[in-house]
Amino acid sequence: MSRISRRIGAISESATLAVDAKAKALKAAGRPVIGFGAGEPDFPTPDYIVQAAVEAAKDPKNHRYSPAAGLPELREAIAEKTLRHSGYELSGSQVLVTNGGKQAVYNTFAALLDPGDEVIIPAPYWTTYPESVQLAGGVPVSIFAGPEQGYKVTIEQLESVLTERTKILLFVSPSNPTGAVYTAQQITEIGRWAASKGLWVVTDEIYEHLTYGDVTFNSIATLVPELEDRVVILNGVAKTYAMTGWRVGWMAGPLDVIKAATNLQSHATSNVANVSQRAALAAVAGPLDAVEEMKVAFNRRRLAIVQGLNAIDGLHCPMPDGAFYAYSDVRGLLGRKIRGVVNNTSAELAAFILEQAEVAVVPGEAFGPSGYIRMSYALGDADLAEGVSRMAKLLGDTE
């Protein structure tokens, strides 16, 4: 008899967190590692949000249990924020506040999926999505959209994997890991396709405020109103307000789904920490000045990292339109002899870069097919420049 259940034993470690942990461990050991792994803004949480948390910590009412679904005032503020930023109307009762975005992802799939139900997941995908689907008893079905099509999936591709067991389409724009942003027309076509097939759409909008140039975010829930009772919106404060460590996310959707997910959360974790909820309330009810300041830095880094990476022979990095990731095609580097070593997969190449250049990147295997690497540019300008310089020196040392 196995000591660990097959269900849990089948789950893989988060590849992005594993890379980040290894980079931090090497740095703690004295090695000058530069980490491009974790998707975490290098800015502090804005002062007014921190101050709201300080005041909340002093108030005894926040020292007690609160409703499992979240503080009522925060749920209402999230509904108002969704209308304000996405144009999608919700009531506070249609919102469940979760312990970070990952719990929102799992709660949603757990509430919607029966064993064997299929979820279409366009790849490259965030590493947590397929694991959450499998943990909930579902079957992840990925379809890969490569750099030739801007990492954006087509309806023809979606149609090719549709079966009688398909229940959900996962839709993410702006994308982690590629930074791809779908146009309003593309979103509308995909949403109408899903609606015509009777599918649910789970849309992760956590990077909604991180788009660049003339590119804009559009919510599939707003553009395709016929999805109204079959759409769940995932979001959180982590990326917009530099609050990754505060652990506040949410899911929003039909009342019956939110009720079912709330029942699950009431047994799994109960309420999110009240101090974090009070901080999140200050964030979502407040201005977007902080993210606008961060975007200036992110855009500068975006341009710099793409220019630097594309100067490396055998590597191609399309310009990302959103989020803070550069997703490079490194298939031209595989099979080459670099400093006497031949790497045949992007996982091997990432390990080689870490060992030889002391730069941590995440291999494409974490997000779909081999042959790619993801690098977060949510780190300091000096580290970014140094990291890319080290990679260029290493990867240019070919025979």
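Rolling a 1.4 Å sphere over the protein heavy atoms, what is the accessible area per residue of the chain, to the nearest Å²?
42 Å²
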Find the all-direction average of the projected area of the Cα convex hull for region 153-195, expressing the result in square nanometres with one decimal place. 3.2 nm²
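Tell me what the chain gives for mean residue ellipticity at 222 nm when only DSSP H runs of n ≥ 4 count, each as -39,500 (n - 2.57), the sum divided by the residue total, rounded to 500 deg cm²/dmol.
Numbers: 14 runs with 164 residues, N = 399.
Counting only the DSSP helices, I get -12500 deg cm²/dmol.
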Take the Cα pairs of region 41-99, get the Kirkwood Rh, then feed it into Stokes-Einstein at 25 °C and 0.890 mPa s and tell me D in µm²/s. 185 µm²/s
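Quick check on my link table: of LYS239/LYS295; LYS58/LYS102; LYS102/LYS259; LYS102/LYS197; LYS167/LYS239; LYS337/LYS393, which ones sit more than 20 Å apart, alpha carbon to alpha carbon? Kindly include the intermediate steps, with their values, before the conclusion.
Details: LYS239/LYS295 11 Å; LYS58/LYS102 29 Å; LYS102/LYS259 18 Å; LYS102/LYS197 27 Å; LYS167/LYS239 29 Å; LYS337/LYS393 14 Å.
Cα-Cα > 20 Å for LYS58/LYS102; LYS102/LYS197; LYS167/LYS239; rest within.
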If you count only protein heavy atoms and use a 1.4 Å probe, how large is the accessible surface of TYR48, to the nearest 10 Å²? 90 Å²
Leaving ligands and nucleic acids out of the surface, order HIS209, HIS63, HIS267 by accessible area at 1.4 Å, largest first. HIS267, HIS63, HIS209
Need the C-alpha centroid separation for region 148-179 versus region 242-309, integer Å. 23 Å
Whose amide H sits under 5 Å from the amide H of ALA123, counting only residues 5 or more places off or on another chain, with H placed in the peptide plane? ILE143, PHE144, ALA145
Checking THR98, THR269, THR244 against a Gaussian network model of the chain (alpha-carbon springs below 10 Å), the top fluctuating residue turns out to be THR269
Summed residue charge, Cβ within 13 Å of PHE109's Cβ, Lys/Arg positive, Asp/Glu negative: -3
Largest-first principal axis extents, alpha carbons of region 1-103, Å: 45, 44, 36
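Within region 288-343, what whole-number % of the accessible surface is contributed by carbon and sulfur, with the 1.4 Å probe and all protein chains included in the calculation?
Numbers: 1140 of 2310 Å².
About 49 percent, which is the carbon plus sulfur part of the accessible surface.
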So, with +1 on the Cβ of K and R and -1 on the Cβ of D and E, and no other charges, what is the size of the charge dipole of the chain about its Cα centre, to the nearest 20 debye? 1000 debye
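The values are calculated or read from the model by the stated rules, or taken from the named source; none is laboratory data. What you are looking at is a predicted structure, and each value in this text was computed from that prediction instead of being measured. Please note: Cβ atoms are built from the backbone with ideal geometry, for glycine as well, and neighbour counts cover all protein chains shown. What goes into the accessible areas is simple: the full protein's heavy atoms, side chains included, and nothing from ligands, DNA or RNA. Shrake-Rupley method; radii C 1.70, N 1.55, O 1.52, S 1.80 Å.
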